[in-house]
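Peer 1: Encoded as structure tokens, here's the structure I'll be asking about.
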Amino acid sequence: MTGAIVWLRDDLRLADNPALRAGIDHGGTLTVVYVLDDESAGVRTIGAAARWWLHHSLTALDGALRERGSRLVLRRGAAADVVDMLVAETGADAVFWNRRYGNAEREIDAGIKSALHEHGVEAHSFAANLLWEPWTVTTGQGQPFKVFTPFWRAAQAMPEPRHPLPKPRDLPAPTDVTGDDLDDWALLPTKPDWAAGLRDAWTPGELGAHRRLEHFVEHALEDYDQRDEPSMDATSGLSPHLRWGEISPYQVWHRLHGELEPSQRQQAPAFLRQLAWREFNWNEYFHCEDIATVNVRREFDAFPWRDAPEAELDAWRTGTTGFDLVDAGMRELWHTGAMHNRVRLAAGSFLVKNLLVDWRVGEQWFWDTLVDADAANNPGNWQWVAGSGFDAAPYFRVFNPERQLERFDPHREYVRRWVPADEERPEPIVDLKATRQRALDAYDRMRRS
């Protein structure tokens with residue numbers, strides 16, 4: 001009797017899932033498994049907000065599988081050990097998964113594939129979560145692009161991304177192997193339960209992802225040219241759904257190339273360009289060392305970061321710096337697990353330039369508090385703000401939070417959602433002009449070192 005294992009990772013969906021499609025086509029029994037791997041070397045443990053999302057996404061996926069005659073098997077441990085045990089328990093003669101792109105993850109997957117082949121078990125991986133895998137879009141010399149615009153130009157010259165695969169109506173019967181109880185993983189906060197704002201803001205899962213996409217297309221896409229205004233409902237909110245693979249970039253791409261009103265179609269290219277920035281960050285992650293800890297531009301290894309007082313860091317984390325836009329953004333982050341992109345730039349610039357704090361401190365805080373934190377985009381965006389990454393903003397470009405507020409939230413509609421008008425505000429913790437100059441002096445010392 002034949003059977004297959006489909007090993008899910010950041011692809012928690014039924015539709016447009018090449019590994020799942022391959023498992024169905026293989027025939028025989030089908031075991032769908034998610035492995036929580038906190039043990040394999042080099043794999044970064046996900047943050048607290050992401051763990052909350054994962055719990056609810058796995059719950060939604062299990063429900064969708066059960067509606068089709070299957071179920072989700074949960075296992076925890078080093079992926080190589082878990083997959084080996086599952087093959088032995090199920091008698092599967094094939095294992096399928098969708099590809100990952102970090103150095104550690106690729107080594108793990110390659111080792112598992114090699115071991116399976118040695119034991120006569122088929123093992124196949126597929127492209128599922130990127131429109132252009134990192135080795136497919138390169139310069140004329142076969143090198144990775146380090147600047148976004150030529151990367152985007154080259155990507156647009158590639159063949160059209162494939163069309164999404166349909167959602168299966170029925171699934172082969174699962175094997176009778178047991179799995180972990182999701183509650184035993186303790187992914188949800190309990191003492192205290194700080195996730196009320198997350199529950200209000202989000203609906204994790206494949207259904208929630210597609211509802212979010214349709215809401216964006218129908219109600220926000222035509223206003224996408226106002227996306228830098230945080231008070232506007234002009235962004236997609238798809239980032240966490242893409243991060244967990246509840247929707248694929250192929251589905252988003254083709255929906256934006258599908259039936260649209262003229263006003264929507266006019267804005268679609270700008271949104272797809274932002275979707276391509278996600279791909280560019282994965283390209284950076286694939287070709288570089290651990291970008292969460294190592295400067296892409298190694299000259300920044302000599303940057304004289306400041307050991308800031310804990311009181312300043314606490315003020316930044318809790319949204320009590322005395323600068324309304326920064327404080328509103330940091331409170332939004334704590335409450336919802338997300339922050340408007342324009343505000344992220346201001347909050348990030350304030351930390352690494354006005355407070356002169358190492359970007360890795362901010363990256364780690366966002367890693368723990370963002371529901372959409374992934375291994376490429378979170379550090380990639382922090383290195384962009386710090387000036388140390390691919391196509392980064394020049395370090396001397398300092399986002400003045402007061403000017404950003406005047407330009408993008410002049411009526412303080414966004415700020416007042418998070419910083420009430422009657423709140424007694426703290427005095428600003430720094431002088432913007434003086435700390436900007438301090439940052440520029442530090443940059444100059446690095447350049448001369």
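The values are calculated or read from the model by the stated rules, or taken from the named source; none is laboratory data. Everything numeric here is computed off the predicted structure, so don't read it as measured data. Please note: Cβ atoms are built from the backbone with ideal geometry, for glycine as well, and neighbour counts cover all protein chains shown.
Peer 1: Answer yes if at least one residue in region 355-369 is in a loop (DSSP other than H, G, I, E, B) and within 25 Å of ALA234 (Cα to Cα), and no otherwise.
Peer 2: At the first step, the residues of region 355-369 found to be in a loop (DSSP other than H, G, I, E, B) are 355-358.
This time we only want the ones that are within 25 Å of ALA234 (Cα to Cα), so: none.
Checked against the condition, which is being in a loop (DSSP other than H, G, I, E, B) and within 25 Å of ALA234 (Cα to Cα), region 355-369 yields no hits at all.
Peer 1: Taking PHE396 and the conditions (1) under 29 Å from GLN143 (Cα atoms); (2) assigned to a helix (DSSP H, G or I), which numbered condition does it fall short on, given that it satisfies the others?
Peer 2: (2)
Yes/no per residue for (1) among the basic types (Lys, Arg); (2) surrounded by 17 or more Cβ atoms within 10 Å (Cβ to Cβ); (3) in contact with a Lys or Arg (Cβ under 9 Å, 6 or more places away or on another chain); (4) under 30 Å from ASP391 (Cα atoms):
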site: ALA88; (1), (2), (3), (4): no, no, no, no
site: ASP93; (1), (2), (3), (4): no, yes, no, no
site: GLU107; (1), (2), (3), (4): no, no, no, yes
site: TRP152; (1), (2), (3), (4): no, yes, yes, yes
site: GLU160; (1), (2), (3), (4): no, no, no, yes
site: ASP170; (1), (2), (3), (4): no, no, yes, no
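Peer 1: On to the next question. Somewhere in region 128-141, is a residue at pLDDT 95 or above, of a type in the set (Ser, Thr, Tyr) and part of a helix (DSSP H, G or I)?
Peer 2: Taking every residue of region 128-141 in turn, none turns out to be at pLDDT 95 or above, of a type in the set (Ser, Thr, Tyr) and part of a helix (DSSP H, G or I).
Peer 1: Also, quick follow-up: Among what's in region 412-449 and is in contact with a helix residue (DSSP H, G or I) (Cβ under 8 Å, 6 or more places away or on another chain) and among the small types (Gly, Ala, Ser), pick the residue that is nearest to ARG331 (Cα to Cα).
Peer 2: Checking each candidate, the answer is ALA439.
Peer 1: Name the residues in region 338-355 that are among the polar types (S, T, N, Q) and either over 21 Å from the mean Cα position of the chain (by Cα) or farther than 9 Å from PRO230 by Cβ (or both), would you?
Peer 2: Those that are among the polar types (S, T, N, Q) and either over 21 Å from the mean Cα position of the chain (by Cα) or farther than 9 Å from PRO230 by Cβ (or both): SER349, ASN354.
Peer 1: Can you tell me which of LEU54, LEU74, LEU30, LEU86 is in contact with a strand residue (DSSP E or B) (Cβ under 7 Å, 6 or more places away or on another chain) and part of a helix (DSSP H, G or I)?
Peer 2: LEU86
Peer 1: Listed residues ARG100, ARG66; which is in contact (Cβ under 8 Å) with a residue 40 or more places away in the chain, of a type in the set (Lys, Arg) and outside any strand (DSSP E or B)?
Peer 2: ARG100
Peer 1: Here's a follow-up. Which numbered condition trips up SER40, out of (1) in contact with a helix residue (DSSP H, G or I) (Cβ under 7 Å, 6 or more places away or on another chain); (2) in a loop (DSSP other than H, G, I, E, B); (3) crowded, with 21+ Cβ neighbours inside 10 Å?
Peer 2: Result: SER40 fails condition (3) only.
Peer 1: One residue is enough: does region 24-31 have a residue meeting the conditions closer than 20 Å to GLY245 by Cα and in contact with a Gly (Cβ under 8 Å, 6 or more places away or on another chain)?
Peer 2: yes
Peer 1: If a residue has to be farther than 25 Å from GLU160 by Cβ and surrounded by 22 or more Cβ atoms within 10 Å (Cβ to Cβ) to count, how many in region 236-272 make the cut?
Peer 2: 2
Peer 1: Would you check if there is a residue in region 106-125 being in a loop (DSSP other than H, G, I, E, B), closer than 24 Å to GLN274 by Cα and in contact with a helix residue (DSSP H, G or I) (Cβ under 9 Å, 6 or more places away or on another chain)?
Peer 2: Within region 106-125, not a single residue is in a loop (DSSP other than H, G, I, E, B), closer than 24 Å to GLN274 by Cα and in contact with a helix residue (DSSP H, G or I) (Cβ under 9 Å, 6 or more places away or on another chain).
Peer 1: Out of region 289-304, which residues are surrounded by 14 or more Cβ atoms within 10 Å (Cβ to Cβ) and either more than 25 Å from ARG447 (Cα to Cα) or in contact (Cβ under 8 Å) with a residue 24 or more places away in the chain (or both)?
Peer 2: Passing the criteria: ASP290, ILE291, ALA292, ASN295, VAL296, ARG297, PHE300, PHE303.
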